[in-house]
1. Taking the Cα centroid of segment 150-198 and of segment 201-254, what is the distance between the two, rounded to the nearest whole Å?
2. Explain nothing, just the number: relative contact order of the chain, from Cα pairs under 8 Å at least 6 residues apart, as a whole percent.
3. I want to verify a result. In a Gaussian network model of the chain, Cα cutoff 10 Å, which of these has the top mean-square fluctuation: Ala152, Ala162, Ala77?
4. For the pair Ser124 and Ala50, how long in nm is the line joining their label points, each one 7 Å along Cα→Cβ?
5. Report, by chain and number, residues whose modeled amide H sits under 5 Å from the one on Thr220, excluding near sequence neighbours (fewer than 5 apart, same chain).
6. Report ³J(HN,Hα) in whole Hz for each residue of segment 80-88, in order, from the Karplus equation J = 6.51 cos²θ - 1.76 cosθ + 1.60 where θ = phi - 60°; Gly and Pro get x.
7. For segment 1-153, compute Rg over Rh where Rg is the Cα radius of gyration and Rh is the Kirkwood radius from the inverse mean 1/r over Cα pairs.
8. Going 7 Å from the Cα of Ala23 toward and past its Cβ, which residues in segment 176-203 have a backbone nitrogen under 18 Å from where you end up?
Amino acid sequence: MTPDGAPDGGVPTSPADVVAAAASAGDLAALERVSTTCRACPRLVAWREAVAADPPARYRGQTYWARPVPGFGDPRARVVVVGLAPAAQGANRTGRMFTGDRSGDFLFAAMHRVGMASQPTSTSADDGLTLHDARVTAPVRCAPPANAPTPAERRTCGPWLARELELVAPRVAVVLGGFGWQALLTTLAEQGWSVPRPRPVFGHGVEVTLRHGAEPRELTLLGCYHVSQQNTFTGRLTPAMLDAVLRRARDFIP
């Protein structure tokens, strides 16, 4: 292992490498360094790099990040927002979660309205945006074709999210969409959280509070429709609906 927790050679190229590298990352900076070099999912590696090599005309000439995207925000956030995966022309281009596309604009505008973000827009990794007691992340760190990671890709990527949650230790998770909900429950169960059986079903506004074994720690999950354009353009998710979930998240923070 290298000092950053990466396998010898520095780049995780298999699920076993990811498990070892994530577990060995001593802090968020080390986790970010090693996770952003990951090449353990060949299909995702090929896709993220192909998108960068042939971008749409509006982004032609820009240098794409084209790597796994780490979580972003307060390293001691009590609220985490869990999405699905980076967007091909958004975070895969800019290198920051929910940055550079309309889904991010919708999310950060709401976070700004409720006092979690310093500004309502998120256009680039150096635009000055900071988050207050909040962090955004995803169970899959590479942009997937058709926004659809496979179950195997979710499992391979899971240790990055698991280690991030261990290091941040949030009190509330706002989960955007059914994929993120199921992925997060899987990760939490693997970490020893008391996930009920049958598992709680995702829905907008659903609330589930979990406990960690015999410890007094609690984590509350709040379901929210994803901020995808499919939901926001059709009115399935409105600004008022998202604001309400984010404000509810703050209710659980002492």
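The values are calculated or read from the model by the stated rules, or taken from the named source; none is laboratory data. Everything numeric here is computed off the predicted structure, so don't read it as measured data. In this analysis, Cβ positions are derived from the backbone assuming ideal geometry, glycine residues included, and neighbour counts consider all displayed protein chains. All accessible areas refer to the heavy atoms of the entire protein, side chains included, with ligands and DNA or RNA removed. Shrake-Rupley method; radii C 1.70, N 1.55, O 1.52, S 1.80 Å.
1. Here the answer is 14 Å between Cα centres.
2. Details: 511 pairs, mean separation 45.9, N = 254.
In percent, rounded to a whole number, it is 18.
3. Maximum fluctuation in the GNM of the chain, among the listed residues, is at Ala152.
4. 2.9
5. Residues meeting the criterion, in which the H sits 1.01 Å from N, are Val172, Ala173, Leu210.
6. Per residue, the Karplus-derived 3J(HN,Hα) values read 10, 10, 10, x, 10, 6, x, 7, 4 Hz.
7. Numbers: Rg = 15.4 Å, Rh = 15.9 Å.
Result: Rg/Rh = 0.97.
8. Flagged as within label range: 187-193.
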